[in-house]
Amino acid sequence: MSLDLPTPVRSFLTLPDEERVLGPYRLKRQLGRGGFAPVWLAEEVYGDTVLRLAAVKIFGLDTRREGGRPAADRAIVDEARRLCQVEHPNIVRFYALPINEARSIAGLAMEYIAGDALSDRLRERGPLPVLEVLELGAALASALSAVHVAGLVHRDLSPANILVSSSPALGGASACKLIDFGIAAALPQGRSPDSDPTAAWARHLLLGSDFPEALGGTALAALPAAIQLGPEEAADLAGPLTRVGGKLGYVDPVCWRELRPATMASDLYGLAAVLFVCLTGRIPAAGTGALRAEILDGRARAPRLTEILPDAPPALDRLLDALLDPDPAKRPRSAELVAIELERLRGQLAARPIALPSEDEGPFRGLERFEQQHRDVFFGRRVEIAATLEAMRSNGLVALLGPSGSGKSSLARAGVLNAIADGALGGPRRWDTVAITPGTDPRNAIGAALFHVGLDVSRAPADVAADMVAWTQREGRGLVLLVDQLEELTTLASPGPIPGTAPRLSYVSHAAPVSPAAHAAQALQPNHAAHASNAANASPAAAAEAEPVDPYAESRAWTIELLARLGERPLPGVRALVTARRDLLDPLLAHAALGRAILRGAVLVSPIDDASWGEVIDAALTTYGYTFEDEALRDELLAGLQSTARAMPLVEFAMTRLWAERDQERRQITREGMRTVGGIPGALERYAEATFQRALDAGLSTDLLRRLLLALVTLDGTRATRSLEFLLDLGTGPESEVRSALAHLERARLVVRERSGIALAHDALLTQWDRLRAWLAEVQQDRLLAERLERAAAHWAEDTTDHDLLWRGRVLTAATELSRRGSIILSLTGSRFLSAGQRGRVHRRIAAGVLFALVNIAILGGIGKYIKDTRAESERARAESESARVESERARVAEREALAQEEHAESAKAELEALKKTVDEDRFRYYSALRNLAQALADKESAQSVVQRLQQRPTELPEIPPPLDGPRLLPEQTLLEQVEAIIPEAPPPRVPVRIEERQDPGLFNLGAAYAALQDGATRARACRGNDTSQRLLRLDVVFGNDGAVENVSPSGDLQAPPPLVRCLEGAFAGIRVPAFKGAPITAPKTVRLR
């Protein structure tokens, strides 16, 4: 036990093993030696379960405090806070900060790395090979970049604070971890007074490790004398270190000389000193053999690397010399640039040829993604690459998730796959990497990409995964499958729902109907548009016989299951990497197994921030030997980026245009080029508009370009890939004009040709090109109707026997017209839903026609009988009158009687006229009832009340039997079923019946009641009863004369559980009808529970 430990720490560490517990951490053995904050290996224990191993740094709290927390305690909390703010594979992870106030100790629990400090490795092995140092330096520079982006400074970079893992599973750069964020700078101020403040303390500050050889021979000879000094002298010697942080030889000379706080440039000096020690075995200030004070305080430059190692690469010598410059302003701008340069040097020394795109193409990709061959111009993503590699070591599937335009595809292809090919993943010495996009048939795409593996994709996914593992073991190399743009499983290649997801749809244009040829072409497309349109326009019989079929549903389900299998656990030598848009993730997560795999291996990808864009642009220009015309131009460009930096495609596009305007003779980016481009903001809009205008000048029509571009967009607001045949058959014009328009857009790189067809160059066009945005807004109403139809179809698909869910009336007419115009491409479920609604409409019209005929027959029969009876009575009256006239000649009495008979005849005639008028009124009443019936046809429940009104016909009218060819009403049918069987939806064309809105506000509006009850029934579907078999429930809904619902209760003697009744009352509580006069009205409604 070191005597220089604070008393609380020393007392705690002398406790028996079972009492040496700090929070959930049970200390096992010491890892670090000496110093005032020893590091112990500990087990994180909860109950009897050991969760994981951790490294716990033990600190003594200041027992002299009288209120405020002293500086030493604040330093402990500050380091914990710093570690929490930084996430990087090469920075140790922070777990917790357990504190024991009773014993005056605290612990900083961190990730445990099975390995040694870099200082120990150097002491045992001596200087490291150049290639290994470059790999180590690139990893540390990347870690420092993450630290600096978080607004922090490490302050204490030295070999003692770098851990090197001994795990064989970790490859190269990921084997090192950066620890101790400047905590040594504050701790001596709170050291315990009873500890020895001389030898151990001064040695720890000055050396920081058991590697004193780095200070040189002269320093070693002088050090013992310094250690023999008293407390005041020792404090004077180490004073600068206690105030600025760091260790002798690694501290920025400016900080040493002027006692300035450490800066980001100070960290770069410390990084250079670490690399210098790794290469030479000595710190820069002792590089020539003796410790030189003038180098420590910056009065002299450090020796060049080539003075000690003549064979060192010249580029590395120049880089270290720049990093060790005494003037911080002359050092490289950032740690990211240092990481890029070290990685470039590593590639050169590893005999990997530098493959730059041609200078005409340049380092920027515009709206296109970076591919694997662009690795040498792909900058700014080292942190994300390292995070992805670390996730891939412990997960079978890793998902790069981010918003549209965040660079996920470029990161995966140009960054991660190349790093794996270089061996950064560890494991097998060689990795094969393949990349696909799902397209229309993802299973065949995987089979083609892995053709060299010999996979049989007709086998089950589990067998294919086993075959992949067998191949890697047989060949002795690993296999990485990249599935780029995984969301295409739902947005592009999904006419119907994938397992566990909702249906998807896309639209083309609403300018003109789709021709039959277009339907034939659409049948070849991922969305199978022809199925939807044909189903909507075909006859009911044809639609019933030929339902749309999705030939790729099995392919998508197979792909999902394969990825889920690969993501269950890390298989030996096999990894899957996917990219997906974060806003389109829900349908993928709905698949349980794949969703779990995605969440386990998720790596969030954000767009490059404002500060990093400057480094990326500098690195890209330097690669080709270009610079800005002056520093002010660079500042002006970066200022213009501030409003668009997060929109990476826009920045890449603007830089591509600026590169095209470069001065090739002077090899500069000039102000003249900036003026030509028009600045960074709006560059894409201006370029797209100029391209559109050139197309118009070439004789192409606006309507043609509009329909072509809209055809390349899905209803989800993403790019849609269409085949050339589909675009040629859109019906927009002659084939030659369509081909010319596509060629024009392709030359301008607004559209690109991919393996599965033609697509927009990037989603950024959908948000940044005002003209295209306006076109999309024009079809917004069609889009909303289509989305509403798809939602209704999804509900209907759960129970296709529930005809109440089918659309009727005006909304069905609107959907049919929308489909006829060809402005949408419905999903398989949506087209079936629309066809079922149209068939239901035809059936209802037939039934309505039959009922109308029966009613007219009954009315006409009654009127005929009445006229016949009236005529017979009239003839009898005439006969009696004639007989009276004959008798009147015989006697006056007989004459009076005859006259009375005539008066009686006249009275009968008047009565006949009155009866005729009554018949007309009855007919008007029947036609009025018939109009009300037609208005209520859409609701089966309201038909009963209408029929009751129809039954109020004159009792004297005889019963008219139904025609022999009419429908037979079964006695066991309910009145509602009988009405539905015979009532037609509309009269035949010769006798049209107009359905008009009620003009009398005092009557109960049946149409409004139907719509309100249907809305309430839709909400009530979420209610459940205790009896799961109770699927149908008949309710009595009471409307008050103010139009609100007064009561909802099950009909008859049916008893429902109170929770179910409350749920149903809540579902119908919000519906209303127009106010009416009279007593409350009870409306029956049958609801279907889930």
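Annotations
Yes or no, residue by residue, for (1) part of a loop (DSSP other than H, G, I, E, B); (2) buried (at least 21 other Cβ atoms within 10 Å of the Cβ):
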{"site": "D78", "(1), (2)": "no, no"}
{"site": "E87", "(1), (2)": "yes, no"}
{"site": "A102", "(1), (2)": "yes, no"}
{"site": "L122", "(1), (2)": "no, yes"}
{"site": "P127", "(1), (2)": "yes, no"}
{"site": "L134", "(1), (2)": "no, yes"}
{"site": "S142", "(1), (2)": "no, yes"}
{"site": "A146", "(1), (2)": "no, yes"}
{"site": "V164", "(1), (2)": "no, no"}
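- Residue check, R783 among the charged types (D, E, K, R), in contact (Cβ under 8 Å) with a residue 40 or more places away in the chain and touching a Leu at 6+ places or on another chain (Cβ under 6 Å): yes
- Output for the range 857-880, where each listed residue is more than 22 Å from A914 (Cα to Cα) and either at pLDDT 80 or above or touching a helix residue (DSSP H, G or I) at 6+ places or on another chain (Cβ under 9 Å) (or both): I857, E880
- Unique match (being surrounded by fewer than 24 Cβ atoms within 10 Å (Cβ to Cβ) and more than 20 Å from L259 (Cβ to Cβ)) among G298, G281: G281
- Selection within the range 439-488 - among the hydroxyl-bearing types (S, T, Y) and farther than 24 Å from H591 by Cα: T472
- Among the candidates T676, T656, the residue that is over 29 Å from the mean Cα position of the chain (by Cα), part of a helix (DSSP H, G or I) and among the β-branched types (V, I, T) is uniquely T676.
- Residue satisfying condition, being exposed (fewer than 15 other Cβ atoms within 10 Å of the Cβ) and in contact (Cβ under 8 Å) with a residue 24 or more places away in the chain, within set G640, G625, G567, G573: G625
- Check on W807, at pLDDT 80 or above, assigned to a helix (DSSP H, G or I) and buried (at least 17 other Cβ atoms within 10 Å of the Cβ): no
- Scope the range 438-472; condition among the hydroxyl-bearing types (S, T, Y) and at pLDDT below 90; matching residues: T440
For (1) in a loop (DSSP other than H, G, I, E, B); (2) at pLDDT 90 or above, each residue gets a yes or a no:
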| residue | (1), (2) |
| --- | --- |
| L345 | no, no |
| P353 | yes, no |
| G362 | yes, yes |
| L400 | no, yes |
| S406 | yes, no |
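- A290 vs. criteria surrounded by fewer than 19 Cβ atoms within 10 Å (Cβ to Cβ) and in a loop (DSSP other than H, G, I, E, B): yes
- Subset of the range 562-580 [of a type in the set (D, E, K, R) and assigned to a strand (DSSP E or B)]: R575
- Selection within the range 617-626 - of a type in the set (G, A, S) and in a helix (DSSP H, G or I): A619, A620
- For I420: the one exception among (1) modelled with pLDDT of 90 or more; (2) at positive phi: (2)
- Yes/no for L585 being without any contact (Cβ under 8 Å) to a residue 60 or more places away in the chain, closer than 30 Å to L489 by Cα and touching a strand residue (DSSP E or B) at 6+ places or on another chain (Cβ under 9 Å): no
- Annotation: of all residues in the range 1042-1060 being more than 17 Å from L1013 (Cβ to Cβ) and either surrounded by 13 or more Cβ atoms within 10 Å (Cβ to Cβ) or among the polar types (S, T, N, Q) (or both), the one that is nearest to the chain's Cα centre (by Cα) is L1060.
- The selection criterion, being at pLDDT 90 or above and either in a helix (DSSP H, G or I) or outside the structural domain of E390 (by TED's automatic domain parsing) (or both), does not hold for G614.
One line per residue, one yes/no per condition, for (1) touching a residue at least 60 places away in the same chain (Cβ under 8 Å); (2) more than 30 Å from E561 (Cβ to Cβ); (3) hydrophobic (A, V, I, L, M, F, W, C); (4) touching a strand residue (DSSP E or B) at 6+ places or on another chain (Cβ under 8 Å):
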position	(1), (2), (3), (4)
Q373	no, yes, no, no
D376	yes, yes, no, no
G407	yes, no, no, no
L417	yes, no, yes, yes
L425	yes, no, yes, yes
D432	no, no, no, yes
A449	no, no, yes, yes
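- Condition met for R260 (assigned by TED's automatic domain parsing to the domain that holds H154 and either without any contact (Cβ under 8 Å) to a residue 60 or more places away in the chain or touching a helix residue (DSSP H, G or I) at 6+ places or on another chain (Cβ under 6 Å) (or both)): yes
The values are calculated or read from the model by the stated rules, or taken from the named source; none is laboratory data. Just so it is clear, the structure is predicted and the values come from calculations on it, not from any experiment. No Cβ is skipped: glycine too gets one built from the backbone with ideal geometry, and neighbour counts run over all protein chains shown.
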